[in-house]
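Let me begin by presenting the structure, written as structure tokens, before commenting on it.
The values are calculated or read from the model by the stated rules, or taken from the named source; none is laboratory data. Owing to the predicted nature of the structure, the values given are computational and were not obtained by experimental measurement. So basically every Cβ, Gly included, is an ideal-geometry build from the backbone, and we count neighbours across all protein chains shown. Each accessible area value is taken on the protein alone, full model and side chains, heavy atoms only, with ligands, DNA and RNA left out. Shrake-Rupley method; radii C 1.70, N 1.55, O 1.52, S 1.80 Å.
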Amino acid sequence: MSARLFIFGAGGHGKVAADCATEQERWSGIEFYDDRWPALDACAHWLVVGAGDDLLRQSREPRETFVAIGDAGTRLAWIAQLAEAGFPLATIVHPRAWVSAGAAIGRGSLVVAGAIVNIGARLEEGVIVNTGATVDHDCAIGRGAHICPGAHLAGNVEVGQRAFVGIGAAVRQGVRIGAGAVIGAGAVVVHDIAEGVTAVGAPARPTDKIEDGR
Ligand SMILES: CC(C)(COP(=O)(O)OP(=O)(O)OC[C@H]1O[C@@H](n2cnc3c(N)ncnc32)[C@H](O)[C@@H]1OP(=O)(O)O)[C@@H](O)C(=O)NCCC(=O)NCCS
């Protein structure tokens, strides 16, 4: 086992990331940082030991770090800042997820238990493939995208950066989902979805009566 893992972001997503990292048995322990510290001093049974600035001060002796922030823009901004400061960005894959040796997982990404990433799939940095989601062959998942629990992407699907594919959604092969798009829970996506659009239903259709409710 190597040194301790630093995790920035001590909310629900941080807790899941820490749990996956523990199961991965790659790090000797976990230290959380969060800007709500010192009011927030624990995340499940792990300690929150400082705020983001305190984490950046660790750059004298940087350890592998994971950014566990749900908001994609904030997550990517922290990944960039930490990389610039010299922190190696951890990639966390739960041992009971299955990732093909022929798939590529970008730095700072998380693959949760039960997920499958098939051959030829490419995940850029800061991607989340959440519990039980499947990313089939040759999919391309852009920076900061989130494939929510139980969502299924058929082969050759493209998901743009910061896009959000909601829980239980199904996406037909070859479909392109634009950057920043939001696919509602349970949607069935059979046509391309443009950048920044929210789409819901089966078949999924763009809707303008919805605020971004992620
Ligand atoms: C699509 C979504 C982003 C919209 O959120 P929102 O802006 O807060 O939308 P609201 O709840 O105000 O709903 C607005 C309307 O859209 C409908 N709607 C919302 N989500 C829907 C969905 N997934 N499918 C179909 N219709 C949906 C609502 O019924 C409502 O319609 P009405 O006014 O006729 O009753 C959200 O509902 C959603 O599906 N989020 C995914 C959550 C998720 O996957 N979480 C996992 C995190 S790990």
#### Entry: Residue among Ile147, Ile128 that alone is within 16 Å of the ligand (Cβ to nearest atom), buried (at least 20 other Cβ atoms within 10 Å of the Cβ) and over 21 Å from His191 (Cβ atoms)
Ile128
### Query
So Thr91 fits all but one of (1) farther than 15 Å from Val127 by Cβ; (2) of a type in the set (Ser, Thr, Tyr); (3) free of Cβ contacts under 8 Å to residues at least 60 places away in the same chain; (4) surrounded by 14 or more Cβ atoms within 10 Å (Cβ to Cβ); what number is the exception?
(1)
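Right, Val99: touching a residue at least 60 places away in the same chain (Cβ under 8 Å) and under 16 Å from the mean Cα position of the chain (by Cα) or not? I'd like the intermediate steps shown before the answer.
Working: touching a residue at least 60 places away in the same chain (Cβ under 8 Å): no; under 16 Å from the mean Cα position of the chain (by Cα): yes.
Spelling it out, it is not the case that Val99 is touching a residue at least 60 places away in the same chain (Cβ under 8 Å) and under 16 Å from the mean Cα position of the chain (by Cα).
On the given criteria, is Ala154 over 16 Å from the mean Cα position of the chain (by Cα), open to solvent by 50 Å² or more (accessible area, probe 1.4 Å), in the same structural domain as Ala187 (by TED's automatic domain parsing) and modelled with pLDDT of 95 or more? Spell out how you get there, then give the answer.
Working: over 16 Å from the mean Cα position of the chain (by Cα): yes; open to solvent by 50 Å² or more (accessible area, probe 1.4 Å): no; in the same structural domain as Ala187 (by TED's automatic domain parsing): yes; modelled with pLDDT of 95 or more: yes.
Here the answer is no, as Ala154 does not meet what is asked.
Which one is nearest to the ligand (Cβ to nearest atom) among residues in the range 162-179 that are part of a loop (DSSP other than H, G, I, E, B) and either touching a Ser or Thr at 6+ places or on another chain (Cβ under 7 Å) or open to solvent by 10 Å² or more (accessible area, probe 1.4 Å) (or both)?
Start the filter on the range 162-179 by keeping residues that are part of a loop (DSSP other than H, G, I, E, B), which leaves 162-163, 166-169, 172-175, 178-179.
Retained after the next criterion (residues that are either touching a Ser or Thr at 6+ places or on another chain (Cβ under 7 Å) or open to solvent by 10 Å² or more (accessible area, probe 1.4 Å) (or both)): 162, 167-168, 172-174, 178-179.
Numbers: Arg162: 14, Ile167: 3, Gly168: 7, Arg172: 17, Gln173: 21, Gly174: 23, Gly178: 15, Ala179: 16 Å.
Once the filter is applied, the top-ranked residue is Ile167.
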### Task
Tell me, please, whether a residue that is within 10 Å of the ligand (Cβ to nearest atom) and modelled with pLDDT under 95 can be found in the range 182-205.
no
### Task
Quickly run through the range 13-41 and pick out the residues that are free of Cβ contacts under 8 Å to residues at least 24 places away in the same chain and over 19 Å from Leu82 (Cα atoms).
Thr22, Pro38, Ala39, Asp41
### Task
Kindly list the number of the only condition in (1) surrounded by 14 or more Cβ atoms within 10 Å (Cβ to Cβ); (2) in contact with a Phe, Trp or Tyr (Cβ under 7 Å, 6 or more places away or on another chain) that fails for Val99.
(2)
### Message
Consider the range 82-103. How many of its residues are in contact with a Leu (Cβ under 6 Å, 6 or more places away or on another chain) and under 15 Å from Ile116 (Cα atoms)?
### Response
1
### Task
Consider only pairs whose beta carbons are under 9 Å apart and that are at least six residues apart or on different chains; among these, list those whose first residue lies in the range 133-155 and is closer than 20 Å to Arg107 by Cα and whose second residue is of a type in the set (Phe, Trp, Tyr).
Ala145/Phe164; His146/Phe164; Ile147/Phe164; Cys148/Phe164
#### Entry: Residues located in the range 12-67, provided they are at pLDDT below 95 and either open to solvent by less than 80 Å² (accessible area, probe 1.4 Å) or assigned by TED's automatic domain parsing to the domain that holds Arg107 (or both)
Gln58, Ser59, Pro62, Arg63
